[in-house]
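Quick notes on the structure that follows.
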Amino acid sequence: MKNMLRYIAVAAILALGGGIVAEAQPGRRFYIDAGWQFNGTFGNGFVKNASGWGAYAEGGYYILPRIAAGAFLSYNTNNEYIPRHTTVYPDGSALTTDANNSLFQLPFGATLRYRLGWKTFQPYAEAKVGANYSREYTYYPTIAARDSQWGFYISPEIGFTWHPFYKSNFGFQLAVYYSYATNRSEAFGLNGINNAGFKLGVSF
């Protein structure tokens, strides 16, 4: 009888311990984040302004409790007004007018995320690698010029997701990032594209 009580007590302790371990583990092994992206370009002579014309979506699967692999897609459009000025072309012709420069970017690729925890507040660091499609426009009052190209894209990011609702994967995301793309355009004087910005969104 004593042995049986001992076995029952040991089994209860193991069951309780297993429940505690199970409770400490992350819930779903995947995540989906999406929202608004604010982006600024710098280090080029074409468009230097920051803009809120952007959005992003990404998802991943935690192959280990803290490490996830996934995919991402985002876009940004940055615009800059050029006051009236005279441009002299190589053939000697000249044009005096104002203009609007516009830079559209569409990066996509793979992500690798490391999260510091899996409770309500989840800070993380992430690396993105992929391709970047960009298109440049210069709008004049009566005509427009454009160019487009592909480049290699890389981006480090840090941020957090906050899941305030009990037993729910719904939450909110805030992150800041830097990115560099190798896109080049002789026509518009681009030799690589540097970006920096922040993201506000929801997490599932």
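None of the figures in this text is laboratory data; all of them are computed from the coordinates on show. On a predicted model such as this, the values are computed, not experimentally measured, just so you know. Here the Cβ is made from the backbone with ideal geometry for all residues, glycine too, and neighbour counts use every protein chain on show.
Length gained on full extension, Glu186 to Ile158: 6.8 nm, using 0.36 nm per residue less the C-alpha separation. Only Cα pairs under 8 Å and 6+ residues apart enter the sum, and on that basis the relative contact order of the range 56-201 stands at 16 percent.
Tell me, what is the FRET efficiency for Phe165 and Asp98 to the nearest 0.05, using R0 = 35 angstrom and their Cβ-Cβ distance as r? Don't jump to the answer; show the numbers that get you there.
Details: r = 51 Å, r/R0 = 1.45.
Here the calculated transfer efficiency is 0.10.
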